[in-house]
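First comes the structure, then the notes that go with it.
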Amino acid sequence: MGLTRDIDDDLLAAISAGGFQPVTLVFVDWPDDPVRVHSGSGTISWGGHDWIGLHEMNAGTVTLPDEAASLAMVEGTATAGGDPDLIDEILGDAEAARGRTVQVWFGATTERAGSVLIGQPMLCFTGGIGTVSDEDTADGDIDMVRLVSLQITSGPSQRSRAATHHSWDDQRRTDPDDTAGRWVSGAIGNLVASLPKW
């Protein structure tokens, strides 16, 4: 089987040996306050930043979008729980966060729930923030936990539109010796002028 992604040699060796301790690092370019968290406990220092464990927030999961071979947008989610006041603050910035960058790395630590990485984590997803919502969910038999959920997407939005316009002036800027654009523009003008008028 051939590798389709670049992976650090030390990380590959740890995965190949079996029995490794996986960790996921998630960066969210949240307005005014970028978020860096990881799937374990404690703080991991990597890439010049501190990554806080989701266990410190009481709850958290990341489900990445499936890889797609087309340009269609595919969706995943990132969910975190914690202080209801913090969740209210997050929801207040939800509209400004839409379309901001989300990146996810996969790595391994030296021990279970550890904070020391083996090699360099591998970038496995880059996308954007879609909708932001919250929910209350049962935690065990009695306690209710409030969660905030980010829709994370890859590919263009299904609501986006594409258009292109290329003029004779654009063509002259990139290739001043090309006269094809002038001839095509003239031919289109002649065609329009010769259309029958009803």
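Computed from the coordinates by the stated procedures, all read-outs in this text should not be read as laboratory data. Note that the coordinates shown come from a computational prediction; the quantities given were computed from them, not determined experimentally. No Cβ is skipped: glycine too gets one built from the backbone with ideal geometry, and neighbour counts run over all protein chains shown.
Multiply the residue separation of Asp33 and Ile188 by 0.36 nm, subtract the distance between their alpha-carbon atoms, and state the gained length in nm to one decimal.
Full extension of this stretch gives 50.5 nm more.
For the peptides 101-110, 9-18, 45-54, what is the packing order when you average, over each peptide's residues, the other Cβ atoms within 10 Å and list the highest mean first?
Result, highest mean first: 101-110, 45-54, 9-18.
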